[in-house]
Each structure stands twice: as structure tokens, then as C-alpha cells.
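Novice: First, the structure itself, so that you have it in front of you.
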Amino acid sequence: MPDITRLILFLFCLTALAESRKPKRRRWTGQLEMAKPSHLYKKNLDVTKIRKGKPQPLLRVEDHDFSMRPAFGGPAIPVGVDVQVESLDSISEVDMDFTMTLYLRHYWKDERLAFPSTSNKSMTFDGRLVKKIWVPDIFFVHSKRSFTHDTTTDNIMLRVYPDGHVLYSMRITVTAMCNMDFSHFPLDSQTCSLELESYAYTDEDLMLYWKNGDESLNADEKISLSQFLIQKVHTASRLAFYSSTGWYNRLYINFTLRRHIFFFLLQTYFPATLMVMLSWVSFWIDRRAVPARVSLGITTVLTMSTIITGVNASMPRVSYIKAVDIYLWVSFVFVFLSVLEYAAVNYLTTVQERKEPKHTLYLPCVCCPQFPCMCGMLHSRTLMLDGSYSESEANSLAGYPRSHIPTEEERQDKIAVHLALSSESNSSRRKGLLKGQMGLRIFQNTHAIDKYSRLIFPASYIFFNLIYWSVFS
């Protein structure tokens with residue numbers, strides 16, 4: 001009996017032990033309490049979490065002195081550079097500078113940053129590590145303003161490879177000087193350069209070069225400017241010498257820009273040409289219409305002055321003549337000469353009228369039954385040489401002076417021409433004569449200077465335009 005009791009207790013213990021080793025199930029889900037680790041979890045282990053004890057840094061930054069360049073005391077360290085141009089923001093003729101945003105990348109090798117790796121994968125860091133290691137001290141020569149973007153954090157990337165190769169990239173906006181030549185403005189092309197150089201290390205310590213030659217410079221195809229067309233983007237490199245410090249490697253990014261002419265054709269050239277053509281209208285206006293011709297000339301002169309002032313306001317104060325200055329000032333001279341032309345015409349007309357003699361015409365006296373004989377009346381009429389009449393023609397005809405009273409014989413030989421009312425039969429004939437005299441007067445009042453100006457001014461201006469556009473285009 002005791003044996004049976006012992007056997008039952010032994011079986012009960014085995015059953016309880018077996019039940020205790022079975023995994024417990026969750027009451028609310030029915031799933032196992034310990035889930036199996038996934039296949040992805042086994043491949044990508046987080047080394048920052050599975051390490052036991054005190055973590056050992058992969059990059060032994062504290063074990064080295066990074067205030068000195070790599071391989072200090074040895075040959076110059078080669079630093080490759082490439083640039084990705086994101087945008088060419090603006091070009092200012094007044095300040096003679098340009099602004100652009102770019103990605104600047106440096107490549108070099110620092111064995112102090114090498115670390116063991118079984119997968120030969122690189123590690124990427126942000127800008128906080130840059131302050132702890134050595135990086136090239138590249139700066140922009142002739143730059144006015146520059147900054148590194150910091151939204152939402154500093155746009156700096158540092159990538160370190162197991163063998164010690166380093167990629168250092170940053171996003172920068174820089175405003176640099178551009179020496180422009182405006183002698184052909186606005187038919188000009190400008191070449192602007194962005195220059196990179198090491199500030200402290202000469203060519204004996206640091207060798208700066210384009211990593212992939214001309215392919216080291218890449219520009220976005222969508223880059224466009226309102227006034228310029230980007231014709232060519234290329235790289236160059238040469239040595240720069242400073243008398244105090246020595247020779248330095250310098251890299252160049254050159255942009256060749258061609259200015260769009262259509263804007264200036266609409267805003268400058270076309271209005272100036274219209275003003276010159278408008279000044280020629282005065283050559284077809286009667287020379288006695290003084291207010292019309294003077295006001296037209298003054299208006300065109302003032303308009304040309306406004307155009308010249310507006311163009312110069314948007315340009316730097318250079319000491320040489322620009323192409324647009326030549327066109328505008330020649331147009332201004334043509335407009336001003338049209339005003340002087342009328343001044344000469346008006347003056348010569350006045351002098352001519354003063355020098356022309358007055359002629360007295362005598363005809364036999366005819367006395368009509370309807371009107372009394374007027375042979376003895378003392379009225380005079382003057383006829384000008386050019387066919388126009390003086391102010392006294394409405395009141396008098398040619399006759400004798402007041403101090404002399406003609407005798408009867410003189411009345412039979414000579415009498416003056418009279419203004420008298422004619423009969424209805426003669427009125428229609430007089431209207432025809434007046435129309436012919438009016439046409440003759442218009443022809444005779446057109447001065448010879450106006451006739452020649454109608455041909456000389458347009459021909460000279462067309463000839464000037466042919467020479468101008470053939471030279472500057």
C-alpha cells in the first residue's frame with residue numbers, strides 16, 4: 001500500500017512539473033507571452049542596444065588630436081571637391097554681384113577615423129561631429145555674404161567609411177562679386193566666377209582639386225533667370241599667390257550668361273525710336289503754326305530725357321559709354337535737332353518778310369454806274385513777293401500818298417487797284433481764283449529747310465540704326 005501511495009505522488013509531481021513548463025497563454029489575446037523574434041530582427045541588430053557593459057565608440061575621436069591635418073608632416077593631403085548648383089537666385093548690375101545656392105561636397109581620407117566593420121558599410125553623422133574632427137577650411141574668395149542653411153537643423157552631412165574616407169557635404173547660399181563689363185549693354189554677355197580656396201593650408205599641406213574634372217559641377221536643368229540665358233557652366237583651377245603666406249590651390253566655377261534683349265527692345269529702344277519719328281511730324285506742319293511745332297518739339301525732348309534717366313537709374317555709375325547710351329543720346333540729338341530746325345525756319349521766315357519790298361500796282365480807272373469813281377481816294381494795297389498779303393489788304397489798295405493829290409491827267413494814266421464789291425456774275429469767278437491762290441500760298445509757305453529735312457532726317461536715322469545693330473549685335 002505505501003508503494004502505491006508513493007507511485008501516485010510521484011506521478012502527480014511529474015504532471016505538475018510538466019504543466020509548469022508549458023508556456024502560459026494570455027487571457028485577453030490567447031497568444032503566447034513570448035513571441036518569436038522576426039526574421040528581420042535577426043538581420044538588422046541594433047548595436048547600440050545589444051552591447052553589454054560600457055559601450056565602446058566606433059570612432060575613436062578622443063584618442064587622436066584632430067587639431068592637425070591628416071598625415072601631418074608628410075605630403076599634402078588631397079581634398080576633392082564637387083558642387084551641385086541648386087539655384088542661381090539673382091544677378092545685380094547695380095551692386096555687380098550674384099547670389100546662388102549650392103551643395104558643396106568635400107572628399108578626403110583620414111585614417112584616424114577608420115573603424116572595423118564586417119559589412120563595409122559607412123556611418124552617417126550630422127553637424128555635431130564636425131566640431132570634433134578635422135575638416136578642410138574652404139572659403140569663397142570675393143564673397144560678400146554667405147551662410148549655411150539651418151532649417152530645420154543644420155544642413156550638414158558627414159559620412160565616414162571603414163577605411164577612413166570621409167564625405168563632408170553642406171548646403172550654402174553665397175553672394176559673390178562679379179566683375180561686369182557694360183560697354184555692350186544690353187547686348188552683352190557676362191562671365192561670373194565663384195572661387196574656392198583653403199584659408200590656412202598652402203599647396204604644400206592641402207591639394208585642392210575637382211574630384212571628377214568638369215563633371216564635378218552639376219547644375220539643375222530647371223535653373224532660369226529673367227534677364228539672362230545660361231550659355232555655359234564650366235570649372236577651372238589654378239594657383240593663387242599671396243606675398244605674405246605663399247601659394248594656394250584655387251578652384252573656379254565659371255558661368256557664361258547672355259542677356260535677353262527683348263525686354264529692352266520694348267522698354268527702351270522702341271519708345272526712343274517712336275519719339276524720334278514723332279519729332280519728324282513737325283516738318284509737315286505749317287511753319288506759321290508756332291504753338292503746334294514748338295509744343296511738339298519740347299514734348300519729344302522731355303520724353304527722351306525721361307527714358308535716358310530711367311535707364312541710368314538701374315545701372316551702376318560707370319565712367320565709360322554703354323551701347324544703350326549711344327543709341328539713346330543719338331536719338332536725343334535727332335529730336336533736339338528737329339527743334340533747332342524749326343527755330344531756324346521761323347527766324348529765316350521773319351527775316352525774309354522784313355526784307356521783301358512793297359509794290360504799288362496801277363490800273364486805268366473804271367467808274368461804274370453802281371459805284372462812284374474811287375480814283376481819287378487815298379488807299380493802298382501791298383503785294384508780298386511770296387504771294388501772301390499784309391494786314392492792310394483788307395482796308396486799302398495801292399494808291400497815292402496823302403501829301404499828293406493827283407491831277408486829272410494823272411487820273412487818266414494811273415490809278416490804284418481797288419477792293420470793291422463785284423456783281424453776282426463776278427462772284428463765282430472770284431471764288432475760283434481764291435481757291436487757286438490758297439493752294440499756291442500753301443506751296444509757297446513751305447520753307448526749303450522743311451523740304452530737305454523730310455528726307456535727310458529719316459535717311460540719317462535709318463543709316464545710324466544699320467551701323468548700330470551691325471556693330472553691337
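Novice: Below 8 Å, C-alpha to C-alpha, sequence gap of six or more: please give me the relative contact order for the range 71-158 in percent.
Specialist: 23 percent
Novice: Per residue, how much accessible surface does the range 261-335 expose to a 1.4 Å probe? Answer in Å², no decimals.
Specialist: 53 Å²
Novice: Please give me the summed charge of the neighbours of I91: other residues whose Cβ is under 13 Å from its Cβ, Lys and Arg +1, Asp and Glu -1.
Specialist: With Lys, Arg at +1 and Asp, Glu at -1, the net is -3.
Novice: May I ask you to give the solvent-accessible area per residue for the range 96-221, in square angstrom, as obtained with a 1.4 angstrom probe?
Specialist: Using a 1.4 Å probe on heavy atoms only, each residue of the range 96-221 averages 51 Å².
Novice: Now, a different point. Which entries in the list K121/K211; K109/K131; K211/K232; K131/K222 go over 24 Å, if you measure between the two C-alpha atoms of each?
Specialist: K131/K222
Novice: Run through the DSSP bridge list for the range 77-259 and note the antiparallel percent, rounded to the nearest 5.
Specialist: Just about 90 percent of them are antiparallel.
Novice: Once the piece of chain linking K131 and E221 is laid out straight, how much longer is it, given 0.36 nm per residue of separation minus the C-alpha distance between them?
Specialist: Net length gain for the segment: 28.9 nm.
Novice: On a full-extension model of 0.36 nm per residue, what is the gain between V94 and L455, subtracting their alpha-carbon distance, rounded to one decimal in nm? If you can, show how the numbers build up before the last one.
Specialist: Numbers: separation 361, 0.36 × 361 = 129.96 nm, distance 4.10 nm.
Contour length minus the Cα-Cα distance gives 125.9 nm.
Novice: Here's something else I'd like to know. Taking 7 Å along the Cα-to-C-beta vector as the label spot, tell me the S193-L302 distance in nanometres, rounded to one decimal.
Specialist: Between S193 and L302, the label points sit 4.9 nm apart.
Novice: A follow-up question, please. Set the Förster distance to 51 Å, then compute FRET efficiency between F72 and T101 from the Cβ-Cβ distance, nearest 0.05.
Specialist: 0.90
Novice: Next up: Name the residue farthest towards the positive end of the dipole of the range 129-255 from the options T191, T153, H165, assuming +1 on Cβ of Lys and Arg, -1 on Cβ of Asp and Glu, about the Cα centre.
Specialist: With unit charges placed on the Cβ atoms, the residue in question is T153.
Novice: Going by average Cβ neighbours within 10 Å, how do the peptides 275-284, 127-136 rank, with the highest at the top?
Specialist: So the order, starting with the most tightly packed, is 275-284, 127-136.
Novice: Now, a different point. Which of the GluC sites (Glu not before Pro) found in the range 193-263 are in a DSSP loop and have at most 11 neighbouring Cβ atoms, other than their own, within 10 Å?
Specialist: Within the range 193-263, the qualifying GluC sites (Glu not before Pro) (loop, at most 11 other Cβ atoms within 10 Å) are E204, E221.
Novice: So, with +1 on the Cβ of K and R and -1 on the Cβ of D and E, and no other charges, what is the size of the charge dipole of the range 138-283 about its Cα centre, to the nearest 20 debye?
Specialist: I would put it at about 500 debye.
Novice: Full-extension gain between W469 and R6, please, as 0.36 nm times their residue separation minus the C-alpha to C-alpha distance.
Specialist: 154.4 nm
Novice: Could you give the size of the charge dipole of the range 71-168 about its Cα centre, using +1 on the Cβ of each K and R and -1 on the Cβ of each D and E, expressed in debye and rounded to the nearest 20?
Specialist: The calculated dipole for the range 71-168 is roughly 540 debye.
Novice: Starting from the Cα of N254, step 7 Å along the direction of its Cβ; do the same at L278; then give the gap between the two resulting points in nm.
Specialist: 4.6 nm
Novice: While we're on this one: With the contact rule set at Cα under 8 Å and sequence spacing of 6 or more, what percent relative contact order holds for the range 77-259?
Specialist: Details: 406 pairs, mean separation 49.1, N = 183.
The normalised contact order for the range 77-259 reaches 27 percent.
Novice: Quick one: net charge around I456, please, counting Lys, Arg +1 and Asp, Glu -1 for every other residue with C-beta under 14 Å from its C-beta.
Specialist: That sum, taken over residues with Cβ under 14 Å, equals 0.
Novice: Output the relative contact order of the range 220-315, whole-number percent, from Cα pairs under 8 angstrom with separation of 6+ residues.
Specialist: 21 percent
Novice: Report the calculated FRET efficiency for T148 and L266 (r = Cβ-Cβ distance, R0 = 41 Å), to the nearest 0.05. Kindly include the intermediate steps, with their values, before the conclusion.
Specialist: Details: r = 40 Å, r/R0 = 0.99.
Rounded to the nearest 0.05, the efficiency is 0.50.
The values are calculated or read from the model by the stated rules, or taken from the named source; none is laboratory data. Quick caveat, the model's predicted, so the values are computed rather than measured. Ideal geometry is used to build each Cβ from the backbone, glycine not excepted, and the neighbour counts take in all protein chains shown. Accessible surface is based on the protein model in full, side chains and every heavy atom, while ligands, DNA and RNA are left aside. Shrake-Rupley method; radii C 1.70, N 1.55, O 1.52, S 1.80 Å.
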